[in-house]
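Novice: Can you keep this structure in mind? I'll have questions shortly.
The values are calculated or read from the model by the stated rules, or taken from the named source; none is laboratory data. The shown structure was predicted, so the numbers you read here are calculated from the model rather than taken from an experiment. Here the Cβ positions follow ideal geometry from the backbone for every residue, glycine too, while neighbour counts run over all protein chains shown. What goes into the accessible areas is simple: the full protein's heavy atoms, side chains included, and nothing from ligands, DNA or RNA. Shrake-Rupley method; radii C 1.70, N 1.55, O 1.52, S 1.80 Å.
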Amino acid sequence: MTHTADEMMAIAAARALSGRQRVFVGIGLPSTAANLARRTHAPDLVLVYESGTLGSKPDRLPASIGDGILAETADAVISVPEVFNYWLQPGRIDVGFLGAAQLDRFGNINTTVIGGDYHHPKVRLPGAGGAPEIAASCREVYVVVRQSSRSFVDRVDFVTSFGHGTGKGDRERLGLRGAGPTLVITDLGVFRPDPETAELVLTDMHEGVTLDQVRAATGWDLRTAPEVGRTPPPTTGELAALRALKEASR
């Protein structure tokens, strides 16, 4: 079966989840990947949404964190303060799954403003929601984003959710509990922070993607792993499950 770049991205992101991980899920691409993982190789994932739903098992993609299907299929529904104060801030969430409008070389995320300044931006975005807390306190953070030189920038216009700041050690100096972004998955490849500098490094490219393509879609002088791997292409079962999930959501 042929596949699109977006399908490869969603499937690669879903593969990153496993077992009984507790996953704090953002709406959009992260939700697609998390629900696909639960439908395929990781049925025991515990999906947590900001609205207070624990262990949601929707049979379609939720339109928002307020979509009733999240509460209807949850193991429990709790208050928003409890989600943050009991589950998130003490480090009880294994993976925070986030999207981004802009992402920089150290994994800092912008979902607030593009261009200008905060009060007079060229574009005002939806904002933070719970993402800053997710980025600060989850044991690790996965980011899924469509890659271009506009979204992969040398420095974000506004730091909505803290990644690795200006490099290794910044999170520790600020007393942040979690490890921060440990994995970034785009429609072109997979990136991981360098253990010495925390700068994102290309470790894998998706099928059919060239290094020149990745460099052209990156707003900084991209570093690569000594050996850049190839993401295994989607299986027939993965594609069928993803397409069925999307069809159910129409």
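Novice: Within the set of pairs 6+ apart or on separate chains, which have a first residue in the stretch 91-108 that is closer than 20 Å to ASP170 by Cα, a second that is assigned to a loop (DSSP other than H, G, I, E, B) and among the aliphatic types (A, V, I, L, M), and C-beta atoms under 6 Å apart?
Specialist: GLN102/VAL156; LEU103/VAL145; ASP104/VAL156; PHE106/ALA198; ASN108/VAL156; ASN108/VAL159
Novice: Mind listing whichever residues of the stretch 184-208 are open to solvent by 10 Å² or more (accessible area, probe 1.4 Å) and over 19 Å from VAL153 (Cβ atoms)?
Specialist: Selection gives PRO195, GLU196, THR203, ASP204, MET205, GLU207, GLY208.
Novice: Here is a further query. Whether any residue in the stretch 114-123 is part of a strand (DSSP E or B), in contact (Cβ under 8 Å) with a residue 24 or more places away in the chain and within 24 Å of GLU227 (Cα to Cα) is what I want to check.
Specialist: Taking the stretch 114-123 first, the residues part of a strand (DSSP E or B) are 114, 123.
Checking the rest, the ones that are also in contact (Cβ under 8 Å) with a residue 24 or more places away in the chain come to 114.
Narrowing further to those that are within 24 Å of GLU227 (Cα to Cα): none.
No, every residue in the stretch 114-123 fails to be part of a strand (DSSP E or B), in contact (Cβ under 8 Å) with a residue 24 or more places away in the chain and within 24 Å of GLU227 (Cα to Cα).
Novice: Taking the criterion of being closer than 30 Å to ARG39 by Cα, among the charged types (D, E, K, R) and more than 16 Å from the chain's Cα centre (by Cα), would at least one residue in the stretch 180-202 satisfy it?
Specialist: no
Novice: So, one more: Please enumerate the residues belonging to the stretch 216-250 that are within 21 Å of the chain's Cα centre (by Cα) and over 20 Å from LEU183 (Cβ atoms).
Specialist: Correct list: LEU239, ALA241, ARG243, LEU245, LYS246, SER249.
Novice: Please go through the stretch 138-165 and give me each residue that is farther than 21 Å from ALA33 by Cα, open to solvent by less than 40 Å² (accessible area, probe 1.4 Å) and hydroxyl-bearing (Ser, Thr, Tyr), ordered by number.
Specialist: Passing the criteria: only THR160.
Novice: Any idea which residue in the stretch 214-250 is nearest to GLU196 (Cα to Cα), counting only those that are of a type in the set (Ser, Thr, Tyr) and in contact (Cβ under 8 Å) with a residue 24 or more places away in the chain?
Specialist: Ranking the candidates gives THR218 first.
Novice: Could I ask something else about it? Being among the hydrophobic types (A, V, I, L, M, F, W, C), touching a Ser or Thr at 6+ places or on another chain (Cβ under 7 Å), at pLDDT below 95 and part of a loop (DSSP other than H, G, I, E, B): is that true of ALA74 here?
Specialist: no
Novice: Give the residue, chosen from LEU211, LEU176, that is touching a residue at least 40 places away in the same chain (Cβ under 8 Å) and over 18 Å from the mean Cα position of the chain (by Cα).
Specialist: Among LEU211, LEU176, only LEU176 is touching a residue at least 40 places away in the same chain (Cβ under 8 Å) and over 18 Å from the mean Cα position of the chain (by Cα).
Novice: Does ILE93 count as part of a loop (DSSP other than H, G, I, E, B), on the phi < 0 side of the Ramachandran plot and modelled with pLDDT under 95?
Specialist: no
Novice: Starting from the stretch 74-87, keep only residues that are under 21 Å from ASP44 (Cβ atoms), then list their pairs with residues that are in a helix (DSSP H, G or I) whose Cβ atoms are within a distance under 6 Å, requiring at least 6 positions of separation or different chains.
Specialist: VAL77/ALA71
Novice: If you don't mind, another one. Can you confirm whether the stretch 84-97 contains a residue that is exposed (fewer than 13 other Cβ atoms within 10 Å of the Cβ) and either among the hydroxyl-bearing types (Ser, Thr, Tyr) or over 24 Å from GLY19 (Cα atoms) (or both)?
Specialist: yes
Novice: Go over the candidates ARG146, ARG155, ARG171 one by one and state the one that is over 24 Å from SER31 (Cα atoms) and touching a residue at least 40 places away in the same chain (Cβ under 8 Å).
Specialist: Just a single option satisfies the conditions, and that option is ARG155.
Novice: Being modelled with pLDDT of 95 or more, within 23 Å of THR236 (Cβ to Cβ) and open to solvent by less than 10 Å² (accessible area, probe 1.4 Å) narrows it down to one of ALA16, ALA33, so name that one.
Specialist: After applying the criteria, what remains is ALA33.
Novice: Looking at the structure I just gave you, is ALA100 outside any strand (DSSP E or B), surrounded by 22 or more Cβ atoms within 10 Å (Cβ to Cβ) and in contact with a strand residue (DSSP E or B) (Cβ under 6 Å, 6 or more places away or on another chain)?
Specialist: For ALA100, the condition - outside any strand (DSSP E or B), surrounded by 22 or more Cβ atoms within 10 Å (Cβ to Cβ) and in contact with a strand residue (DSSP E or B) (Cβ under 6 Å, 6 or more places away or on another chain) - is met.
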